[in-house]
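Here is the structure we will look at.
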Amino acid sequence: MRRIRILLFSTVIIALSLGYFLQPGKKIDEKKYLGEIAPDINFSEKKGSPAHYLSDSGVVAFNTYDVTPSITGYAGPIKLLLSISDKGVITGIKILEHKETKNYVHYMERPEYLGRFLGKSIKDKFEIDRDVDGISRATVSVEALAKTIRESSRITASNVYGMDVSSEGAGRFEVKWISYLLIFSFSLVFYFLTRRSKRLLRARDWGLAAGILITGIYLSSPFSILHVFNLILLRPSSSILWLVIICTTFISLIVAGRLYCGWLCPFGAISEFIGRLPVRKWSVPVETDDRWRNLKYILLAVIIAIVLLSRRPDYGNYETYVTLFSFHGNYLTWLLVAITLIANLKIERFWCRYLCPVAAFTGILSRKAKGYPSRHDCPMGNKPMPMISECIRCNRCYKGRG
Amino acid sequence: MTDIRKFRLLAILTTILVVLILSYNIFGEYFMAEIGGYLQRRIYYERTISKKGLSLHKGMYWKEKE
Amino acid sequence: MGKKVQCDLCPTECVLEDYQVGGCRVRINKGGTLYSLVYGKPCAVAVDPIEKKPFFHFLPATTAFSIATAGCVLGCKFCQNWQISQADPEDTDNLDLPPDDVVRQAIFYNCRTITYTYTEPTVFYEYMYDTAKIARRFNIKNTMHTCGYINEKPLRELSKFMDAADVDLKAFTEDFYSRICGGRLKPVLDALVVLREEGVWLEITNLIISTLNDDIKKIREMCSWIVKNLGPDVPIHFSRFFPNYKLKDLPPTPMETMKNARSAAMDAGMRYVYLGNMRSEAENTYCHRCKNLIIERHGYFVKQNNISNGRCRFCNTSIPGVWS
């Protein structure tokens, strides 16, 4: 365990510093262009997730590439510097970089054309030849431009101003973070109660079910290793829900180790419920099992290196719960979701034991705790007297004082 | 097959899958744009353009890039 | 994969990856070599009066063997021939007509000229170039109706065999070219000057579209530019717009606008100003000196012709153009 901790910690440091030296090479001087699109406004340093510049007047500026890197035109993303007001109106626009065919899109870059986006509300439709002018022979590029502006400004507005523009984003923001806080408090309270009385263990199942519904389906934001990366890269989101999820997870880590995994994680919950189906489990020798459990630390080290070197958290994402609950992924990630769900029939909490980067993260940060000897119905299939990093604190086997 | 062999197989498979996902994350943008675009163009050419009996007459006024 | 290729034919200067087709739809990079897909593969072939091109000062009342392939270097939203100009060559019905067959057919149909027209002849440059070369040997004249969006080198080379060009000057603002046509104005103006320098007979067509390029100040500016850079003898055809392609919601251009444009051009010093796509006396040619009617036209048909040996029959002034 100590070796793993040292390995991961040094990976963080090396990747972080190496990445720092690798990055600045082709950085666009956004500060310079800020003065161009909003000459009279003083902006803060870039911060938050997605990254943006704040100002006293309430105007927010951002590089669209930080927000929606995946929207591409004919040849890659169109990077824009945008500024929007707290009323959700576009106040400044500038194309920083693109790889479209110059002679098709030269008009798109001109102030006469871009100027038409100024004063538009981010709630507008941004449809070509309706509320956005098309350019002959540059249709693909213009569509990408309009989509980049629309999506990135909506995401930023919802993060910074709490503005809800997407049609499907049901529920107000207060409701969201309060509901997560409730479900967390429920788990924490019953965590301590079940340490005293085994009769209350059934409550954990209710909590897990609620976690699937609320954290998973309603909020679609289970705790992800990407949260940690954004924190390390100093790109915290200003959304309250994000802060609540981060803070509660860290608090629980200090007081109750992998409480999140055992009580809150919606993917863990589904895995555990599937694992309870009456199917004979594979019998895997303890040594083999132990060896494979180390895999998640190696994977964590790999994605730490990838993300901190590239400064792109999305590169390190293979988490099944992100795919499943955001309903967003490619064939490969969906395949992984399917496999890791079905595998639970034969091996309890397959994903949590061998692959999950959050499990690795919470595992190495779990403090020593007495009273968890494991037993035959351990939801993690832990061996007797397991390492505390493998314990998800379901309290079934708890033998403590009281 | 014994349980342990099945387990090893599954574990190795999922590990490969994770590695694939990570490489796709990183190289997907370039890979898809380059190879995917090429395949798309090539398939369109072979299936549609070349069957139409159009000419392949060497053009005037062009140069190699790079 | 083959190397990237840059096409230098038109000012778009597409950089093409292997197996990528250019913006013109008819030039492809295959294995690091640029090929024309439409050499000898016209999708439109017809025998037209030369007046239809429109050429009003070029062998009046003769016929022109007209050919076009699919594709265009621009993408004008008002295109009259968009079914072929904005189509891929694999989607059009193409004939098999190599250059020598074009000339043979032109002779067979008794055409004095071959015209490269309908779409944009620049896109089938090699086909046009080879045909023009052969046609010249058989004493058939070559004319083209082009948007003038072509680079200087290929244009100069082509000019050796080109007798006349009708250039669509679509507007006199960069904005119009960018937004409506997907091109730029500057290269077109450059091409006009090159054609003039190379001694190719020039006529200019300008389609007037309400609200888009009907600003009389700009028309005046354009005419002054023509007079200054190309001379007052260049005939200009103002063409009336009718809703088409992607511009179906605009009205036909009012007669009033057309007439205003004509007088603006005359005021700027242009000697031969015609109005097209509408019936009026502005289809006729009047001698710039004695103002007598020298060619009377009805649509594309010449009713009387008072030019002999290239001179006005009334005042013996030499009339600019190609008359024999």
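The values are calculated or read from the model by the stated rules, or taken from the named source; none is laboratory data. Treat the numbers as computed from the prediction; the structure is a model and nothing was measured. Methodologically, a virtual Cβ is constructed for each residue, glycine included, from the backbone with ideal geometry; neighbour enumeration extends over all protein chains shown. The area values use the complete protein model at the heavy-atom level, side chains included, leaving out ligands, DNA and RNA. Shrake-Rupley method; radii C 1.70, N 1.55, O 1.52, S 1.80 Å.
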From the Cα centre of segment C:98-123 to that of segment C:255-307, the distance in Å is 28
Please compute the modelled spin-label separation between C:Ala61 and B:Glu64, points set 7 Å along Cα→Cβ, answer in nm with one decimal. 5.8
Summing -39500 (n - 2.57) over the DSSP H runs of n ≥ 4 in chain A and dividing by its residue number, what mean residue ellipticity at 222 nm do you reach, to the nearest 500 deg cm²/dmol? -14000 deg cm²/dmol
Report ³J(HN,Hα) in whole Hz for each residue of segment A:311-318, in order, from the Karplus equation J = 6.51 cos²θ - 1.76 cosθ + 1.60 where θ = phi - 60°; Gly and Pro get x. 6, 10, x, 5, 5, x, 8, 9
Two decimals, Cα atoms only, Kirkwood Rh: what is Rg/Rh over the protein assembly as shown? 1.14
Under DSSP H, which helices of chain A have Cα atoms covering 20 Å or more of the helix axis and a Kyte-Doolittle average no less than 0.0? A:2-22, A:139-160, A:173-196, A:240-256, A:295-310
Please average, across the residues of C:9-20, the number of beta carbons from any other chain that are within 10 Å of each residue's own beta carbon, and give a whole number. 5
Give me the extension gain from A:Leu193 to A:Arg367: residue separation times 0.36 nm, minus the current Cα-Cα distance, reported in nm with one decimal. 60.6 nm
Work out which residues of segment C:64-94 lose at minimum 40 square angstrom of accessible surface when the other protein chains are put back, relative to the chain isolated, with a 1.4 angstrom probe, and list them by number. C:Lys77, C:Glu90
I'd like the interface area for chains B and A: accessible area of each alone minus the complex, both sides summed, 1.4 Å probe, protein heavy atoms only. What is it in Å² to the nearest 100? 2300
Within the protein assembly as shown, what whole-number % of the accessible surface is contributed by carbon and sulfur, with the 1.4 Å probe and all protein chains included in the calculation? 57
How large is ³J(HN,Hα), in whole Hz, for each residue of segment A:92-100 in order, when computed from phi with the Karplus curve 6.51 cos²θ - 1.76 cosθ + 1.60 and θ = phi - 60°, using x for Gly and Pro? x, 8, 7, 7, 8, 6, 7, 10, 5
Mind listing P(r) for segment C:2-101? All alpha-carbon pairs, 10 Å bins, whole percents. 15, 35, 35, 12, 3, 0
Rounding to the nearest 10 and keeping the result within 0 to 90°, find how far the Cα-based axis of helix C:125-137 lies from the longest principal axis of chain C. 60
Find how many whole Å separate the alpha carbon centroid of segment A:251-266 from the alpha carbon centroid of segment C:135-149. 81
Pull up all non-local amide H partners of A:Met163: gap of 5 or more, or a different chain, and H-to-H distance under 5 Å with H placed in the peptide plane. A:Ser158
Give, in nm to one decimal, the length gained when the segment between A:Asn330 and A:Asp29 is fully stretched (0.36 nm per residue of separation minus the Cα-Cα distance). 105.0 nm
For chain C, the longest site-free run once chymotrypsin sites (Phe, Trp or Tyr not before Pro) in DSSP loop states with at most 12 other Cβ atoms within 10 Å are removed: C:139-324
DSSP loop trypsin sites (Lys or Arg not before Pro) in segment A:25-83 with at most 14 other Cβ atoms within 10 Å of their Cβ, which ones? A:Lys27
Cβ charges +1 (Lys, Arg) and -1 (Asp, Glu), total dipole of the protein assembly as shown, debye: 3700
Give me the accessible area buried between chains A and C, both sides summed, with a 1.4 Å probe, in Å² rounded to the nearest 100. 1300
For chain C, what does -39500 (n - 2.57) per DSSP helix run (n ≥ 4), summed and divided by total residues, give at 222 nm, in deg cm²/dmol to the nearest 500? -7000 deg cm²/dmol
If you scale each eigenvalue of the Cα gyration tensor by 5 and take the root, what three semi-axes come out for segment C:216-324, rounded to whole angstrom and sorted largest first? 27, 18, 11
Quick check on chain A: what does the Kirkwood estimate of hydrodynamic radius come out to from the alpha carbon pairs, in Å? 23.2
Take the alpha-carbon centre of segment A:121-164, take the same for segment C:16-35, and report the distance between them in whole Å. 32
How many partner chain Cβ atoms sit within 10 Å of a residue's Cβ in peptide C:115-128, on average, as a whole number? 1
Which value in Å is the Kirkwood Rh of segment B:3-51 over different Cα pairs? 13.3
Taking the Cα atoms of segment A:183-390, report the difference between the largest and smallest coordinate on each principal axis, in whole Å and largest first. 44, 35, 31
Residues whose built amide H sits under 5 Å from the amide H of A:Glu97, excluding neighbours closer than 5 in sequence, are A:Lys79
So what's the Cα pair-distance distribution over segment C:37-282, bin width 10 Å, in %? 8, 33, 38, 19, 3
Interface B:C - total buried accessible surface [probe 1.4 Å, Å², rounded to 100]: 3000
Over segment C:149-269, average the accessible area per residue using a 1.4 Å probe and give it in Å², no decimals. 38
Ranked by GNM mean-square fluctuation in chain A (Cα springs under 10 Å), the top entry among A:Lys147, A:Lys370, A:Lys176 is A:Lys370
Heavy-atom surface of segment A:41-160, accessible at 1.4 Å and reported per residue (Å²): 40
Per-residue ellipticity at 222 nm attributable to helices in chain B (runs of n ≥ 4 DSSP H, -39500 (n - 2.57) apiece, nearest 500 deg cm²/dmol) works out to -19000 deg cm²/dmol
D (µm²/s, integer) via Stokes-Einstein for segment C:53-194, Kirkwood Rh across alpha-carbon pairs, 10 °C, 1.306 mPa s: value 102
Flagged links, alpha-carbon separation over 24 Å, of C:Lys228/C:Lys259; B:Lys63/C:Lys30; A:Lys99/C:Lys153; A:Lys147/A:Lys176: A:Lys99/C:Lys153; A:Lys147/A:Lys176
